[in-house]
Amino acid sequence: MMRRRWILSILAAAGAVAVVTGMIGATFAAAPGFSLAQKSNATVAVDVELVIAVDISYSMDPDEQALQREGYIEALTSVEFMRALREGMHGKIAVTYFEWAGSNDQKIVVPWRLIDGPETADAFTTELKSAPIRRASRTSISGALLFAMPLFEASGFRGIRRVIDVSGDGANNNGPLVTPVRDEITAKGITINGLPIMIKRANPGTLDIEELDNYYEDCVIGGPGAFVIPIKAREKFIEATRTKLILEIAGRAPDRRITPVSAEKPRMSCTIGERMWQQRWGGVDFR
């Protein structure tokens, strides 16, 4: 008889525990925003979510491509970059790096990575160094921007700012017109900064244009604090890239504008690349 009562008391206690546990679980489940276990892919707060979009069109010769990649590698591991990183509210940023050419040619070289110090910066640049350098046809800045835009939503990070860093040596000549795409992206609060590469004399035969920096300022960049830093000499690649990255993670524009403030009307046609392609090869008139 005693043994039976002892077993019944244990069963009753177990039932009470189960009821209490169920009540606690129900309470936690009902609490808004509560999770018994944090998801492994929960968003991480960072100062900046940065998309680096790099031109690999055939107008970029192999030396320029190597310099372009070296510029980002050196910039991301520089003392100046690390100092700017530490001064941020969170002391960390999220970065992804992709290459682009024509409207349907974009390839992620390094997916989203957290950079919060020298070790993670080294890991990012080591991954970048190991990727082969390739080249492809056409120049679609608009295609690159459209590819970059949804990357933020799947980043797994929550940045105070979102920035697309686009570098290239020519005007848009393929895919959608660039200004409507720019306007669509900047309307979402995303900043587009530019790094126009101008180290060769413009050659109409390869669809180069004079004053590419003005084209980038008037037709490509936009959003809060947007700016352009042109590269006009090979030896300035690393310095210009480092300066741009530091300004981006610090959330400010250069102390003085590198190119003049654009007027209400662009200083050149924002369809100049498309028109040059049409004049050379025939096709649609973009007047």
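The values are calculated or read from the model by the stated rules, or taken from the named source; none is laboratory data. Just so it is clear, the model here is predicted, and its values are computed rather than measured. Note that each Cβ is placed from the backbone with ideal geometry, even for glycine, and that neighbours are counted across all protein chains shown.
A search for C-beta distances below 9 Å between a residue of the stretch 148-177 that is at positive phi and surrounded by fewer than 20 Cβ atoms within 10 Å (Cβ to Cβ) and any residue that is modelled with pLDDT of 95 or more and not aliphatic (A, V, I, L, M), counting only pairs 6+ apart in sequence or on different chains, returns GLY156/TRP112.
Count of the stretch 178-194 residues, restricted to those that are crowded, with 18+ Cβ neighbours inside 10 Å, of a type in the set (A, V, I, L, M, F, W, C) and over 13 Å from the mean Cα position of the chain (by Cα), is 2. Tallying residues that are in a strand (DSSP E or B), modelled with pLDDT of 95 or more and under 21 Å from ASN174 (Cβ atoms) within the stretch 101-137 yields 4. Between GLU87, GLU74, GLU70, GLU99, the distinction of being loosely packed, with under 14 Cβ neighbours inside 10 Å and among the charged types (D, E, K, R) belongs to GLU87 only. State all residues of the stretch 102-113 that are farther than 15 Å from ALA144 by Cα and surrounded by fewer than 17 Cβ atoms within 10 Å (Cβ to Cβ); if no residue qualifies, say none. Passing the criteria: only PRO111. Cβ-Cβ distances below 7 Å connect the following pairs, each with a first residue in the stretch 75-94 that is in contact (Cβ under 8 Å) with a residue 24 or more places away in the chain and part of a loop (DSSP other than H, G, I, E, B), a second residue that is crowded, with 18+ Cβ neighbours inside 10 Å and of a type in the set (Lys, Arg), and a separation of six or more residues or different chains: SER78/ARG242.
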